[in-house]
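*Asks:* Encoded as structure tokens, here's the structure I'll be asking about.
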Amino acid sequence: MHNLKQLIRRLVRSAASLYERISRRLVNKLILLFTSIIILVVASLTIISYQILQKESVDNSISSTTNNLLLVNQNLEGYLEGIEQLSLPQIKYDELNYALVHEKNDYSSRMYLEDYLRNLYFSRKDLNTICLYLVDRQKYYSISKENYNITVRTGSIPDMGSLPWYKDVLESPTSSLFQSLIGAAPATGYAIDTSGSFIAYHRVLRTIVTRKPQAVLSFYFDKSAVNDILKDVPFNEGQHLLFLDPDDEVFYTDDLDYYDATKKAGFIEQLKINPAGRVTWVQGDRKDLVVYDVGKTMGWKLIKPIPYKQIYEAATTTRNLSFMIGFIFLLISVVLVTFTSNAITRPLKKLSHQMSRFSSGDFEAVAQVKGRDEIAYLSRHFNQMVKRTNDLINERYKMKLVEKNAILKALEAEINPHFLYNALQAISTKALKNDRYDIAEMIDALALTLRYCISGKDVVFAREELKHIERYLALQKARFGDRLQIQYDWDETLMDVKLPKLSIQTLVENSIKHALEIVSSPVTITISARMELSQYVIIVHDDGPGFEKGKLEAVLQSFRSDWEERNQDNESIGLVNLNTRLKLLYGEGAELRIRTDQSGTQMEMRLPRGSGYDG
């Protein structure tokens, strides 16, 4: 615990020392100020521009992708409408109906059906296979390209009624159905290859009178057609594209696993909840902007998820470039600010140096005057002040020195010696009543105390003053016994601080006089010291009854009075004299503070660091 306190004190002292070094020089303050302004401006502009670019990137992505999907989806729906138109018999329905009815026994009807399928097949370039299933006969015709030849084949499907798509198309109100061929190979019922197809379309042909299903016409379309349409959608790595029917069945996707994962996570439901054409989708560590378009005619959905990382890529690059340019600009600015600040503060530094010489007693200091600015004005007046000081030095400076020394000696001579009389009385009484050797110790302590008091030094080390206090309190213990309790809280690092001689004794003496002498209960006097940012603080605290009402105000008023105006009969003349000695030795930065209440009195002697007397 002690080591931790020591470490904290060292850190505090180091921080205080660093702060003093930085704040001591004006050039450091200017560099810090301008550098902070530059960093604030560059960082603010970069962050603001990044936010604006982010928003513009999102808006541009939404706008461009929405328009693109709208056009592509219109083309897709036009393509699907063309498929529906292709499946309708139109004006040849009667001939087709006759051929369907007589296909079993009429050769020409079979040829008509084959020709009908060939005409449909050759009408478009994106057809892979066309199948015509005859419901009553459970037979079908199929036409496809085999080895560069267009071939019509026939076959039978007894269990066609068990196929899901077949049931759905028969139950459809429009007698038509689009079938997705994405994923696992779908069960078509026909002996055909659907690996090259992306979509199937089924149309039920019914009788006019009974509306009974006669046949089912199935078209299987090549992937090239949809690829040609969807190629107009800009597509980058990490993006996806989905094409869904009104029932959210996928008909096209670049990544089926992505579709399955998003569908399980509720992706499709989010699109229904947000009809605005865009939604933000977060799954794991991936965050996408999903832009989609719903066809106005058929309700098909074209969906494009775009990673936000790609959208923000340009903004991020611009931000990093701005930071790099800002950093380079900061380095250049720091160099320029340092050069400019040094140029501005160099005359001030020279003037400060001359002032330091002057304050240390060199009255020949002269500041160099250049230009006509404020610094030149200060230098000129400083030189005038030095000249005037030199004129008065012989007749006033020596006089002040003599006066100061006289006041110091007078203040030391006025230290109240009443404790010596009490100590002698205690020694005499004890010597008469007891034949003990401890009397010799008391006499030795008194002799050392007298020698310390009459020594010629004005300022002593703290360890000397504390040693004197121990001897002084040993004599007082003989007088008050166990009623006088002493505690010390003095850091070893502060033992070499220089103090006015007998200063702590004056404070302890005041505690004895105004606390211990007026009560019969024990009184504890605590002597401690600490170091603050720019001061040493020596504290003497007692837990006595405190100053009488109005007494403290009188003492503090004496501190503020001139030497000639003070009441020399004041009972607290020792405190007043100590405060005066502090001012004379350490300047106005030193002071004596007193606080008192019912819990006791605390007296603080505050000495400025770096005064020449702080060791």
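*Asks:* Grab the Cα-Cα distance for residue 588 and residue 233, subtract it from 0.36 nm times how many residues apart they are, and report the gain in nm with one decimal. Write down the numbers at each step before the final one.
*Replies:* Working: separation 355, 0.36 × 355 = 127.80 nm, distance 8.23 nm.
This chain segment gains 119.6 nm when fully extended.
*Asks:* Another one. If a/c stays under 1.5 just call it rounded; otherwise compare a/b with b/c (prolate if a/b is bigger, oblate if not). Do that for segment 209-252, with a ≥ b ≥ c from the square roots of the Cα gyration tensor eigenvalues.
*Replies:* Verdict is prolate for segment 209-252.
*Asks:* Same structure again: Subtracting the Cα-Cα distance from 0.36 nm times the residue separation, let me have the gained length for residue 43 to residue 84 in nm, one decimal.
*Replies:* Extra length available between residue 43 and residue 84 comes to 8.8 nm.
*Asks:* In whole Hz, what ³J(HN,Hα) sequence does segment 457-465 give by Karplus (6.51, -1.76, 1.60; θ = phi - 60°), x for Gly and Pro?
*Replies:* Along segment 457-465, the couplings run 6, 8, 10, 10, 6, 4, 5, 5, 5 Hz.
*Asks:* Let me ask you something else. Near residue 521, within a Cβ-to-Cβ distance under 14 Å, what is the net charge of the other residues, with Lys and Arg +1 and Asp and Glu -1?
*Replies:* On the way: positive: 483; negative: 482, 517, 542, 543.
Combined, the nearby Lys, Arg, Asp and Glu give -3.
*Asks:* HN-Hα J couplings of segment 340-345 from phi, Karplus 6.51/-1.76/1.60, θ = phi - 60°, integer Hz, Gly and Pro as x?
*Replies:* Ordered by residue, 3J(HN,Hα) equals 5, 5, 5, 5, 6, 8 Hz.
*Asks:* Sort 244-254, 192-202, 350-360 by the packing proxy (mean of other Cβ within 10 Å over each peptide's residues), most packed first. If you can, show how the numbers build up before the last one.
*Replies:* Values: 244-254: 16.3, 192-202: 18.5, 350-360: 14.5.
Ranked by mean Cβ neighbours within 10 Å, highest first: 192-202, 244-254, 350-360.
*Asks:* Collect residues whose amide H, placed 1.01 Å from N in the peptide plane, falls under 5 Å from the amide H of residue 367; neighbours closer than 5 in sequence don't count.
*Replies:* 383
*Asks:* For the ranges 317-327, 586-596, what's the packing order if you count other beta-carbon atoms within 10 Å of each residue, average per peptide, and put the highest first?
*Replies:* On the way: 317-327: 14.2, 586-596: 16.3.
Averaged packing, sorted descending, gives the order 586-596, 317-327.
*Asks:* I've got another one for you. May I ask you to order 116-125, 507-516 by the average number of other C-beta atoms within 10 Å around their residues, highest value first? Spell out each step's value before the answer.
*Replies:* Numbers: 116-125: 14.6, 507-516: 21.8.
Order by mean packing, descending: 507-516, 116-125.
*Asks:* Now for a separate question. Using a simple spin-label model with points 7 Å from Cα along the Cα→Cβ vector, what separation in nm is obtained for residue 464 and residue 101?
*Replies:* Between residue 464 and residue 101, the label points sit 13.9 nm apart.
*Asks:* Can you give me the distance in nm between label points at residue 122 and residue 483, each placed 7 Å from the Cα along the Cα-to-Cβ direction?
*Replies:* Result for the modelled spin labels: 13.6 nm.
*Asks:* To make sure I understand, if each residue's beta carbon is the centre and we count other beta carbons within 10 Å, what order do 165, 490 fall in, fewest to most?
*Replies:* So the residues, fewest neighbours to most, are 490, 165.
*Asks:* Label-point separation (nm) for residue 377 and residue 172, each offset 7 Å from Cα along Cα-to-Cβ?
*Replies:* 9.5 nm
*Asks:* What is the extension gain from residue 256 to residue 340, computed as 0.36 nm multiplied by their sequence separation minus the C-alpha to C-alpha distance, in nm to one decimal?
*Replies:* Details: separation 84, 0.36 × 84 = 30.24 nm, distance 6.54 nm.
Contour length minus Cα-Cα distance gives 23.7 nm.
*Asks:* Rounded to the nearest 0.05, what FRET efficiency do residue 324 and residue 33 give with R0 = 30 Å and r taken as the Cβ-Cβ distance? Could you check?
*Replies:* On the way: r = 24 Å, r/R0 = 0.80.
With R0 = 30 Å, the Cβ-Cβ based efficiency is 0.80.
*Asks:* Now for a separate question. Between segment 214-257 and segment 296-312, how many Å separate their Cα centres?
*Replies:* 14 Å
Read-outs throughout are calculated quantities, based only on the coordinates presented, and are distinct from any laboratory measurement. Keep in mind the model is a prediction, meaning the values are calculated, not measured. With ideal geometry, Cβ positions are generated from the backbone for all residues, glycine too; neighbour counts draw on all protein chains shown.
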